[in-house]
Amino acid sequence: MEEVRMKCPAGHGEMRIKKAKKKVIFRGVDISVPVEQYRCTVCGAEAGTVQQTAAIQKTISDTYRKAVDLLIGDEIVEKRKRLKLTQEVLAKRMNVGIASIKRWEGGIIQSKSMDHALRIALGDQTVGDSCTGNRAFSIPRIKLVLKEFESILGRHILKKNDKMLFAAKYLWYADMVAHRETGEGMTGSTYAALPYGPQLNNYKDLIDDIIGADESKAEPLSPEQKRIITRIAMKFSQERMVYDAAHKEKIWKRQPNGAIIPYTDSSELIGI
Ligand SMILES: [Zn+2]
């Protein structure tokens, strides 16, 4: 910590560095933080430098993230560097902005679903397959699968400014049924349990890329995969049907909000 002189705002002269442990409750987790602050020996006023305050915030963030099993900033940096990825490449891999990577590495707490996405992008074996359905994530493939649905349904399911409320559910069924029946999904997508049903994890950051993707670059659908898409499209010919069916699935219902729905649950699908 650099040497800084601080004067008491009440005019008692120079303040002294004081080390202490502070207990804070952060998002319901008890955290004990070693703090180093300036303190006036006369009136007890306390002040911290920008660096001291940042260090306290980082400690709180890291302690909290460890307690709830999220990657801490240094772990993200370490894993990223081990894979020789720049922040920019990692951001592209996850379809998030580079600013998000900088924030998480710097101490801002990522959501549970973003933590899963981070672990997948950083090649963490403990999440890999059950979150991606034994397949590499491909945005052009998502577009290809949605186009196949559209050709059978005879209408657009992915529209501009779409929140993927319906498209994501068709996609989810396609991936899950394919996993159940062929051992692998179709798109490598990860799905989160959200209040409005199963949703493509991180969909807000993906949607423009999906709309703009070139599906001709994707691996073509196999006859088996086409049959699965056809079955789903015939069973859920209206948007409302796929929406309602997804909401009856216990593999979505039993997950807490924001949690990843593992592909290994595909055997418990009931809608199709
Ligand atoms: Zn004072």
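The values are calculated or read from the model by the stated rules, or taken from the named source; none is laboratory data. Only a predicted model underlies this, so the values are computations on that prediction, with no experimental measurement involved. Cβ coordinates were reconstructed from backbone atoms using ideal geometry, including for glycine residues, and neighbour counts include every protein chain displayed. Keep in mind that these areas ignore ligands, DNA and RNA; they rest on the heavy atoms of the full protein, side chains included. Shrake-Rupley method; radii C 1.70, N 1.55, O 1.52, S 1.80 Å.
Using the structure shown, decide if ASP74 is within 15 Å of ASP115 (Cα to Cα) and either open to solvent by less than 40 Å² (accessible area, probe 1.4 Å) or modelled with pLDDT of 85 or more (or both). Spelling it out, ASP74 is indeed within 15 Å of ASP115 (Cα to Cα) and either open to solvent by less than 40 Å² (accessible area, probe 1.4 Å) or modelled with pLDDT of 85 or more (or both). Restricting attention to region 205-215, the residues that are part of a helix (DSSP H, G or I), touching a residue at least 24 places away in the same chain (Cβ under 8 Å) and open to solvent by 60 Å² or more (accessible area, probe 1.4 Å) total 2.
Rundown of residues vs (1) at pLDDT below 95; (2) open to solvent by 40 Å² or more (accessible area, probe 1.4 Å), yes/no style:
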{"site": "TYR38", "(1), (2)": "yes, no"}
{"site": "ALA47", "(1), (2)": "yes, no"}
{"site": "ARG82", "(1), (2)": "yes, yes"}
{"site": "THR86", "(1), (2)": "yes, yes"}
{"site": "VAL96", "(1), (2)": "yes, no"}
{"site": "LYS102", "(1), (2)": "no, yes"}
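Note on region 1-27: residues that are away from the ligand (no atom under 16 Å from the Cβ) and either outside any strand (DSSP E or B) or open to solvent by less than 70 Å² (accessible area, probe 1.4 Å) (or both) total 8.
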